[in-house]
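Beneath this line is the structure, given in structure tokens, with notes to follow.
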Amino acid sequence: MSQVPSIFNQNLQNSLTSDNARIQWCIEECKKCSSLVTMKVLAQDKPCFLKCMVCDEIYFYTEDDLKERHLL
């Protein structure tokens, strides 16, 4: 699991809540096992974390990741 904290932590402006969360099945390769069976959780339509449905690895998107994808 990524050790970098998510920008969607509790008590922050963009915190992940039941009101702004959305799940999206996606084809994005797991960084651990290379599986394509992954699920992305979005907060306010921005990726929050990616969960592999094969090995249960969770990757938290960092602020830099989102800026690189031009989402911030």
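What follows draws every value from the coordinates through simple rules; no lab data is involved. Predicted model, so just to flag it, every value in this text is computed and none were measured. When we count neighbours, we look across all protein chains shown, and the Cβ atoms used for this are built from the backbone with ideal geometry, even at glycine.
Phi-derived couplings, Karplus 6.51 cos²θ - 1.76 cosθ + 1.60 at θ = phi - 60°, listed residue by residue for the stretch 27-35: 10, 9, 5, 5, 6, 8, 10, 6, 5 Hz, with x used for Gly and Pro. Annotation: the residues 18, 34, sorted from fewest to most other C-beta atoms within 10 Å of their own C-beta, follow the order 18, 34.
Which order results if 23, 58 are arranged by neighbouring Cβ count within 10 Å, fewest first? Please report the intermediate quantities before stating the final value.
Working: 23 10, 58 16.
Fewest-to-most Cβ neighbours within 10 Å comes out as 23, 58.
Residues whose amide H lies under 5 Å from that of residue 28, counting only those 5 or more places away or on a different chain, are 38; hydrogens are built 1.01 Å from N in the peptide plane.
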